[in-house]
Amino acid sequence: MLTLTLRALVRDGLVGRTAYPTVPPRVDYELTDLGCTLLTPIAALHEWAVAHRDDIRHARARHDHATGDPGPESLAART
């Protein structure tokens, strides 16, 4: 899945990929100038998520209680 995601980011021009002909093979990835333009919006999204994490947790708990759905956290704990 990581490989597919990186390929998509390279294709979209958000990430640059440099392969080195070494043994073992080495590949470096870095944000392009276009990719760097996402840093500010992503930081804003992170700040919003941190500010509202308790609201989100409470909404999930209300939903799970109302529907009887244990939520994905419970499924992950069972594996």
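Computed from the coordinates by the stated procedures, all read-outs in this text should not be read as laboratory data. Given the structure is predicted, the values throughout are model-derived calculations rather than measurements.
Structure data summary
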{"item": "All Cα pairs of the chain, percent lying beyond 20 Å", "result": "61"}
{"item": "In degrees, nearest ten, helix 53-67 long axis to first principal axis of the chain (Cα)", "result": "60"}
